Amino acid sequence: MTRVVALTLDKRALSEICWICPSICPIPTSNVTNALIVLAAVVLALVGLILYAAKLRWMVTTVPRLTIATSIATDDRQTTDPLSMPRVAVIIPAYNEADNLETCVRSVLQNTALSSKQLEVWIVDDQSTDATLAIAQTLQTTLKDPCLQVLAGKPRPEGERWMGKNWACTQAAEQSDGEFLLFLDADVRLKPGAIVAAMQEAENKQLDLLSCGPAIVCGCLAEWLVQPILMNQLLADLDFAAVADPMADTVFAAGPFMLFRRIAYEKIGGHRAVASQVVEDVELARRIKTNGLRLELLLASDFVTVRMYRSFAALWEGWTKNLYLGTQRNAKAVSFFAVTMLMFYLVPWLGLAIVLSHATFGALTLIDLFLTGSAIAAILLHYDIRRSGSRVSAIPTTYWWLSGLGGALVAAIAIASMIKTETGWGWTWRGRSLQLPDG
């Protein structure tokens, strides 16, 4: 009996010692090594997230924004002096945009305080296979707005390589006569005063291209998982001052909202000059700078919103289309980005899951204690990062606790983008096959 009691006490004491100091316990060395590797990975993720969160908070306070223009009337176009504002042509290229087109066009017409002498709105149907053209024509008939023009786009020229919306934009630009050309995607929604504010910014600073980053709208789960992470990463990586600096090589533009001075647009060759480019917005911005013209990128979340994708399939197709090209086909950078996404977002959750499995099926150790603290701290930083980023992207913190899944999905998008771009396998946009740019 004494031996049994002594053995029981020895086991209890051993268990306590193992919890405090696992290094002296009879635990297999491989288990301790694996636990330390997991702990190191989580700590590394925590350190990276701390630095990333600090950078993001700083960027949020310094990002340049499109400001509210003064004396903007939004309920009566005739209240704006026709002589005070150059004529602007709004061009909306549309390919299979039946779900978006009407709301987009109405937001432009209803929220712009310009008369028909100052404003023309061009809808360009890019050979859509859905009801896009019929919707555009119906709008023109029912609204009877003198600003609204509908153009049934021609087929793409034989023997020429035209990617994306470049051909549609070219056709409308050649027929319009505005001193400024504003290219909008059909999924964009304008708020009151958006165009006038952008025009005033361009005129006051004598800009040749003003590109505005919109607020991001999310609907389906895939959007909530991916969009906040990618928007925050874009914000952290962008140097807005360098984009505007004519002496710097840094270029960027937000394709949904691009306002060109026509003289500058024609000088760089317009969309015709970038016909074969998939990421045409950045290429146009690059041409602006290389020609000694003035470029500016501003946040316009108070004026412009966009819901980029409405389903997982559309989101996957869209981001795998341009993520890799956006890095100038830098395989090392994209691979590192994918690993970083897994490290920052997935690893902390995996570490916490391992601790929970130990608590359920075995004894906790001191390593588990440190692992728990590090993992929870990293996960809380996911929320902090989402909250900071929302001040720029306007994406709420909804589903922030699914950041681990979001990081894994973003990593998969990055790798798939690299593979699809280099091989051409499944590389499409809205069902149309894509090819690498000429040269």
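The values are calculated or read from the model by the stated rules, or taken from the named source; none is laboratory data. Not measured: the values here are computed from a predicted model. Cβ coordinates were reconstructed from backbone atoms using ideal geometry, including for glycine residues, and neighbour counts include every protein chain displayed. Remember, those area values only see protein heavy atoms, side chains included, never the ligands or the DNA or RNA. Shrake-Rupley method; radii C 1.70, N 1.55, O 1.52, S 1.80 Å.
Taking the stretch 401-431 as the range and being within 28 Å of LEU299 (Cβ to Cβ), under 17 Å from the mean Cα position of the chain (by Cα) and assigned to a helix (DSSP H, G or I) as the test, the residues that pass are SER403, GLY406, GLY407, LEU409, VAL410, ALA411, ILE413, ALA414, SER417. Of the helices (runs of 4 or more DSSP H) lying entirely inside the stretch 189-272, those containing at least 3 residues that are over 25 Å from TYR52 (Cβ atoms), open to solvent by less than 30 Å² (accessible area, probe 1.4 Å) and hydrophobic (A, V, I, L, M, F, W, C) span 194-205. Only residues that are surrounded by 13 or more Cβ atoms within 10 Å (Cβ to Cβ) and not in a helix (DSSP H, G or I) were counted in the stretch 345-373, giving 3. Scanning the stretch 89-103 for residues that are crowded, with 24+ Cβ neighbours inside 10 Å and either part of a loop (DSSP other than H, G, I, E, B) or on the phi > 0 side of the Ramachandran plot (or both) yields one hit, GLU97. Scanning the stretch 369-376 finds no residues that are in contact with a Ser or Thr (Cβ under 8 Å, 6 or more places away or on another chain) and modelled with pLDDT under 95. The listed residues are ARG391, ARG386, ARG329, ARG287, and the only one of them that is free of Cβ contacts under 8 Å to residues at least 24 places away in the same chain and either within 30 Å of ILE195 (Cα to Cα) or in a loop (DSSP other than H, G, I, E, B) (or both) turns out to be ARG287.
So for the stretch 133-150 (the condition being open to solvent by less than 50 Å² (accessible area, probe 1.4 Å), farther than 25 Å from THR428 by Cα, touching a strand residue (DSSP E or B) at 6+ places or on another chain (Cβ under 6 Å) and not aliphatic (A, V, I, L, M)), does at least one residue qualify? Within the stretch 133-150 (the criterion being open to solvent by less than 50 Å² (accessible area, probe 1.4 Å), farther than 25 Å from THR428 by Cα, touching a strand residue (DSSP E or B) at 6+ places or on another chain (Cβ under 6 Å) and not aliphatic (A, V, I, L, M)), the answer is yes, since at least one residue qualifies. In the stretch 104-132, which residue that is among the hydroxyl-bearing types (Ser, Thr, Tyr) and out of contact with any strand residue (DSSP E or B) (no Cβ under 9 Å at 6 or more places or on another chain) is surrounded by the most Cβ atoms within 10 Å (Cβ to Cβ)? Only one residue fits best here, namely SER115. Number of residues in the stretch 295-326 that are within 20 Å of LEU436 (Cα to Cα) and either part of a strand (DSSP E or B) or open to solvent by 10 Å² or more (accessible area, probe 1.4 Å) (or both): the value is 8. Within the stretch 414-434, identify whether any single residue is polar (S, T, N, Q), more than 20 Å from GLU317 (Cβ to Cβ) and either buried (at least 21 other Cβ atoms within 10 Å of the Cβ) or touching a Lys or Arg at 6+ places or on another chain (Cβ under 6 Å) (or both), and answer yes or no. Within the stretch 414-434 (the criterion being polar (S, T, N, Q), more than 20 Å from GLU317 (Cβ to Cβ) and either buried (at least 21 other Cβ atoms within 10 Å of the Cβ) or touching a Lys or Arg at 6+ places or on another chain (Cβ under 6 Å) (or both)), the answer is no, since none of the residues qualifies. When the test is whether a residue is of a type in the set (D, E, K, R) and within 21 Å of the chain's Cα centre (by Cα), ASP208 does not pass it.
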